[in-house]
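Just below is one structure, and these are the notes that go with it.
The values are calculated or read from the model by the stated rules, or taken from the named source; none is laboratory data. Quick caveat: nothing in here was measured; it's all calculated off a predicted structure. Using ideal geometry, Cβ is built from the backbone for each residue, glycine included, and neighbour counts are taken over all protein chains shown. Note: areas computed on protein heavy atoms with side chains; ligands, DNA, RNA excluded. Shrake-Rupley method; radii C 1.70, N 1.55, O 1.52, S 1.80 Å.
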Amino acid sequence: MTTTYRICPRSGLQFDTNAEKLMRWHAVAGVLSLLVGGIMALGVILTRWPAVKLLEADVFYMVLTAHGIDMLIFWIIFFEMAVLLFASSTLLRCRMATPKLGWVSFWLMAIGAIMTNVAIFQGESSVMFTSYVPMQAKWHFYLGLILFAVGALLTCFIFLGTLVVAKAEKTYEGSIPLVTFGALTACIIAIFTIASGAVILIPTLLWSLGYIREIDSLMYRTVWWALGHSSQQINVSAHVAIWYAIAAIVFGAKPMSEKVSRSAYFLYILFLQLASAHHLLSDPGLGSEWKVVNTSYFMYFAVLASMIHGMTVPGAIEQAQRLKGYNKGLFEWLRKAPWGNPAFSSMFLSLIGFGFLGGISGVMMGAEQLNMLIHNTIYVPGHFHATVVIGTTLAFMGLTYFLVPVLFKRELLFPGYAKMFPYLFGLSMYMVALVMMGAGTLGVARRHWDMAFAGSPMAYEWPGAAYLMMGLTGIFGTIACVSGGLWILQIVFSLLFGKKLEEGEMRSTPIPLTLPAPTPGGAAHPPATPGTMVLALIFLTSFILYYFVNWKYLSSLWSMA
Amino acid sequence: MADQQEERIPVMQQVLDNPFLLLFLGITIPTVLYVLWGVMEIANIPVAR
Amino acid sequence: MSAILPPSERVWWNQPIDKLEFTWIAIALVWSLVMFAMMIWWHIFGNQNLANETYKTTKEMYAAKTQAVVDQYTVRTGDEAEKQFPIVKPPAGSDIYLIGRLWDWWPVYELEHGKTYKLHLSAMDYMHGFSLQPQNINIQVHPNYDHVIKITPNAAGIYSIVCNEYCGIGHHTMVGRMYVK
Ligand SMILES: [Cu+2]
């Protein structure tokens, strides 16, 4: 394949046209998965809304399985593969390694995604996202996942290959950009994730075909979560990279410290994946030493890293804004931020929601003993809708607004909706996460068709507040589904009917990256960031309070030893 | 650059600039601490009598 | 210059760290270590720690052990249910076996508050989720593993055991009971 380069006139970015096309296809495949997953979300939410109870039990469990897999695996990983290609070939201004293999990878992923969806909608693979043995799905459910994973693994290798190409062909000097470093973190976690997935899903496939007699349920859960949880840690690394990228694109923000931000990512590389143990804290047979070391990311070092990113991203924005003269008081820099720019507002809502709702709840439920309070309750999906929907999906959606003109060369239609969207979708998801966690605190089960236990000889009656919160989940969930659906329509319409924009200069050789010479005597002293510090301290206070309130709650339970 | 006094790159920066070393660490640590240790624990569960 | 460009300084590792940024890192580190210590502290001083005492077993063996306890200590048959459940009242300190299966928890135990029992949990088919309400104690239940937990109910009442691990089409009907006198 010949390589040509396009210089985007709107962003100044240089795209390898092979990589660019792959990015577009991955992004589109991701959005299609999001569409399927979103329709399924509506089915789930309208069934769990006690007053509506839309679907029959068998359909509900099928729809829930599809929702989990299309969202947590297909949408997010398709989009992340586009991010990997962007962070390597585009940001390093080089050619992508092995574009042909890139297409093999894409089609493996696409065929895998279709195969698994077919298996689910045939109706005999309603085994949930987790497909815990000994419950068995049809063989093509597992095979689809394996093909998808192999495809994704190839793109991870292409990413690493592209880093080698850029270094060999000297398209940049010094270290890779911070955003690329974040993508590298995501790539490394993805490789671990996929390898673990292969270790457990290949035997499971053989078992579903009858070649293996039995798979141990505890062994399955342990290894499967190295896939299931780590895949969500790819998201964390990727969306934090996108936070940095949007701060850089919108504000020209410079990281407060390369050393600090990269070290924080380094802690992710080393420890983030251990958190797979969060799912096994209330399981038999695994020792407390294993549980404590793993659930705490060694010694909460990955939480430390997230707290660092959570401060340095807004900190970098505050510095950039203060340099522009928004210097009044603690928060003028924030008040005068471009709240109407959907890339920024998505990113900021993503950051705050991820920290306050997803982060705090995740650490609480990841404490070994506290986990018993919420294990398998709807608190768990409450938590991960804060991390994966508010944190990851919202950041990806915001970035997509930037990509429509830059990558797809189309003018965005309905810009008025784009301004509103992050608030409509983001804030309704804040509410969904909160009320789900509320219902979970009262004990309401996740993955459960009927909280009234119809037909059970010994039905339990949940408190009225639990019903209220499940009703609110329905209401805010519906708002989120509808606004997300409109976002998909907006993007699809813009790609099909938006005004075509100028391609920009096409070249056969790349322009290497040139940097302005470092200011002699080091950079001017950047302004201090007191506003960010205040936000961080508010965060810490809520964190500490919520954490200890739950220990207090735990202490009121039956004693157990 | 070349004519400037070349400052030695600190070890930690060299580590962070080496994607394959990072890849090695990022696979090995969770494989040992989470997967292998966990599988060992399960394999060593005693049999009920 | 910015996060999407390479660092402008060739040697960025030696760049000084902003004072507030450094303060935050120090605070976050201390908090991380406090949370780590908290789990260990609770193992020593707390009263709610999930035991790791577990045995590999078989469905047949576990069912037989449960049946033996039911045969020995059944005091009456439950009449509040359409299905007939044995109500089993074992002496304090004894081993009580609970079966999770499609789609009930069997049998129903009657315990005394303030007394300690060794609760065994295992499943007969798929995984199930032991969710004691309104206490909100939630434990994963596996087939072929016998998980032993010493429990001491601290208040009298009628408790429900909801299944909170998806176990098929009748999952929502899987509710058991436990009486504490
Ligand atoms: Cu069940």
Only one of A:A433, A:A452, A:A459, A:A445 is modelled with pLDDT of 95 or more, open to solvent by less than 60 Å² (accessible area, probe 1.4 Å) and more than 30 Å from A:R24 (Cα to Cα); which? A:A433
The lone condition C:K115 fails out of (1) surrounded by fewer than 24 Cβ atoms within 10 Å (Cβ to Cβ); (2) within 21 Å of A:Y220 (Cα to Cα); (3) without any contact (Cβ under 8 Å) to a residue 60 or more places away in the chain is (2)
For the range C:140-159, how many residues are under 21 Å from A:L286 (Cβ atoms) and either crowded, with 24+ Cβ neighbours inside 10 Å or not β-branched (V, I, T) (or both)? 9
Filter the range C:123-135 for residues that are away from the ligand (no atom under 11 Å from the Cβ) and touching a Gly at 6+ places or on another chain (Cβ under 7 Å) and give the result. C:Q133, C:P134
Is one or more of the residues making up the range A:277-286 more than 19 Å from A:T529 (Cα to Cα), more than 10 Å from chain C (Cβ to nearest Cβ) and at pLDDT 90 or above? yes
Among the listed residues A:G329, A:G315, A:G353, A:G310, identify the single one that is farther than 17 Å from A:G252 by Cα and within 14 Å of another protein chain (Cβ to nearest Cβ). A:G310
What do you reckon, is C:I149 in the same structural domain as C:V88 (by TED's automatic domain parsing), closer than 23 Å to A:Y379 by Cβ and in contact with a helix residue (DSSP H, G or I) (Cβ under 6 Å, 6 or more places away or on another chain)? no
In the range C:145-156, residues that are out of contact with any Phe, Trp or Tyr (no Cβ under 8 Å at 6 or more places or on another chain) and more than 7 Å from every other protein chain (Cβ to nearest Cβ) total 2
Considering the range C:172-181, residues that are surrounded by fewer than 24 Cβ atoms within 10 Å (Cβ to Cβ) and not in a helix (DSSP H, G or I), and then whichever is farthest from the other protein chains (Cβ to nearest Cβ), we arrive at C:K181
Just one listed residue, out of A:F15, A:F79, is farther than 22 Å from A:M469 by Cβ, buried (at least 21 other Cβ atoms within 10 Å of the Cβ), in contact with a Cys (Cβ under 7 Å, 6 or more places away or on another chain) and of a type in the set (F, W, Y), and it is A:F15
Does C:L33 meet the test of being within 13 Å of chain A (Cβ to nearest Cβ), within 16 Å of the ligand (Cβ to nearest atom) and open to solvent by 40 Å² or more (accessible area, probe 1.4 Å)? no
Condition set of a type in the set (S, T, N, Q) and part of a loop (DSSP other than H, G, I, E, B), scope the range C:136-166, selection farthest from the ligand (Cβ to nearest atom): answer is C:N154
So if I check each of A:M347, A:M311, A:M299, A:M364, which one is closer than 30 Å to B:V39 by Cβ and open to solvent by less than 10 Å² (accessible area, probe 1.4 Å)? A:M364
So the check is Cβ under 7 Å with 6+ separation or different chains; which pairs have a first residue in the range C:87-104 that's on the phi > 0 side of the Ramachandran plot and at pLDDT below 95 and a second one that's more than 16 Å from the ligand (Cβ to nearest atom) and part of a loop (DSSP other than H, G, I, E, B)? C:G93/C:T116
When only residues in the range A:382-399 that are out of contact with any Leu (no Cβ under 9 Å at 6 or more places or on another chain) and either open to solvent by 10 Å² or more (accessible area, probe 1.4 Å) or without any contact (Cβ under 8 Å) to a residue 40 or more places away in the chain (or both) count, which is nearest to A:V313 (Cα to Cα)? A:L399
Condition first: part of a helix (DSSP H, G or I) and buried (at least 16 other Cβ atoms within 10 Å of the Cβ). Now tell me which residues in the range B:7-24 satisfy that. B:Q13, B:L16, B:P19, B:L22, B:L23
Here is a list: C:A28, C:A68. Which entry is small (G, A, S) and farther than 19 Å from C:K118 by Cβ? C:A28
Given the conditions (1) within 16 Å of the ligand (Cβ to nearest atom); (2) surrounded by fewer than 20 Cβ atoms within 10 Å (Cβ to Cβ); (3) more than 7 Å from every other protein chain (Cβ to nearest Cβ), which single one is not true for C:I169? (3)
Answer with yes or no whether A:Y142 is assigned to a helix (DSSP H, G or I) and either under 30 Å from A:V59 (Cβ atoms) or open to solvent by 20 Å² or more (accessible area, probe 1.4 Å) (or both). yes
For the range A:220-235, which residues satisfy the criterion of being more than 10 Å from every other protein chain (Cβ to nearest Cβ) and either out of contact with any helix residue (DSSP H, G or I) (no Cβ under 7 Å at 6 or more places or on another chain) or farther than 30 Å from A:E318 by Cα (or both)? A:W224, A:L227, A:G228, A:S231
The conditions are (1) within 16 Å of the ligand (Cβ to nearest atom); (2) open to solvent by 10 Å² or more (accessible area, probe 1.4 Å), and C:L98 fails exactly one of them. Which is it? (2)
For the range A:82-124, how many residues meet the condition of being farther than 27 Å from B:P19 by Cβ and assigned to a helix (DSSP H, G or I)? 11
Select the strands (runs of 3 or more DSSP E) contained entirely in the range C:52-135, then report the ones holding at least 1 residues which are among the polar types (S, T, N, Q). C:54-56, C:74-77, C:117-123, C:128-133
